[in-house]
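Values quoted throughout were computed directly from the atomic coordinates according to the rules given, and no laboratory measurement underlies them. These numbers come from a predicted model, not from an experiment. Glycine gets a Cβ as well: all are built from the backbone with ideal geometry, and neighbour counts include every protein chain shown.
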Amino acid sequence: MLNMIWLLLLVSGILVAAWHGNIEVVTTAALQAARDAVEVCLNLVGIMALWLGIMKIAESGGMVSVLARMLRPLMVRLFPSVPPNHPAMGAIILNLSANMLGLGNAATPFGMKAMQHLQEINPRPNTASEAMCTFLALNTSCITLLPATIIGVRASFNSTNPAEIVGPCILATACAMLVGVTVDYLFRRRNRRRRRQDSAG
Amino acid sequence: MLVNVLNVISQWAIPLLLLLIPLYGFMKKVPVYEKFVEGAEEGFRTAVRIIPFLVGMMVAISVFRASGAMMVFSSLLKPITDMIAAPAEILPLAIMRPLSGSAVLGMATEIMRVHGPDSFIGRLASVMQGTTDTTFFVLTVYFGSIGVYRYRYAVVSGLSADITGFLVSLYLCHRLFG
């Protein structure tokens, strides 16, 4: 799936550039993007170190497991394949909370930590597990209570009410999340049924 | 009112976390600095590990966009967007939304500069910017950090959420601001 998307992006880009007669655009764009990607990662190094350091303190003090215990009834339903006391649960909760608060730079480190924990219980290390897919469906459609960046942009262009978009944003994201989680659930159910048929036949 | 409350929360969130977590750890007799460094070291390694994945993804996306292929793609989709009454200029933004956060922010800013933040399309661009996340960036970085390269159905569920976010944003903007 991803192989096809990646190839499609590249091939269609190069063909269209050739068709338009400005193939040199491809070179510039590719080299610049490669540099930018490393810059994104380098910017992430410090932020990752900061938040995972803070998270380690919270973990050692037992704070994360308290949080995880509070949300356990919800979490075991969303992640039936993860043991209820597994540290992945705490990291997932931290990631989603940071997302909601609009703390994008804290959410990413927590999210990667959660993925590492989920990888520990993944039977096929190069393939996404069910719990990983559910987590990503939740994560990519998570509600942000205050989309601060876009409000700032609106204010800078003298909007009469920069924050009027908050309500629609929350509502639209809630719908997106519902669909994402439902689709994920349907895939999981289909796979389970298939596995059962395989073992029966 | 609600927005002010949310604003205060988002301003205080990071300072409070940086205050409360180490304090809580200290009370639980955690060697706070040692633990911090231990965790920070893991963070460092993870950030470096995702570089190859991000280079691959960002190069492909950038070539797709800079070459004009994205505009070709969005003109192919035009009959569909006309059907659901979406302004033509919003389509590139909708296509880029799952691919690149910074590109979309740039496009939304440009739309607001040209049409004004309180125009219909300006509001629509704002709502879409604040709605779903950059699915491909998240998939690349998260799966990359643990070396998973078979994403299975995660792409489909992520994109179905993105499409829903776009359609609901469009509907709400028509109802509220149209």
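3J(HN,Hα) along segment B:105-114: 4, x, 5, 5, 4, 5, 4, 6, 5, 6 Hz, from the Karplus curve 6.51 cos²θ - 1.76 cosθ + 1.60 with θ = phi - 60°, whole Hz, x for Gly and Pro. When the square roots of the Cα gyration tensor eigenvalues are ordered a ≥ b ≥ c, the ratio a/c for segment B:1-49 is 1.5 or more and a/b does not exceed b/c, which makes its shape oblate. Modelled spin labels at A:Ile23 and B:Val72, positioned 7 Å past Cα toward Cβ, are 1.4 nm from each other.
With a cut-off of 10 Å between beta carbons, the residues surrounding B:Glu42 carry a summed charge of +1, where Lys and Arg count +1 and Asp and Glu -1. For B:Tyr33 and A:Met100, a Förster radius of 25 Å and the Cβ-Cβ distance give a FRET efficiency of 0.30, rounded to the nearest 0.05. Determine, from the Cβ-Cβ distance of A:Ile47 and B:Leu23 and an R0 of 22 Å, the FRET efficiency 1/(1 + (r/R0)^6), rounded to the nearest 0.05. So the FRET efficiency works out to roughly 0.55.
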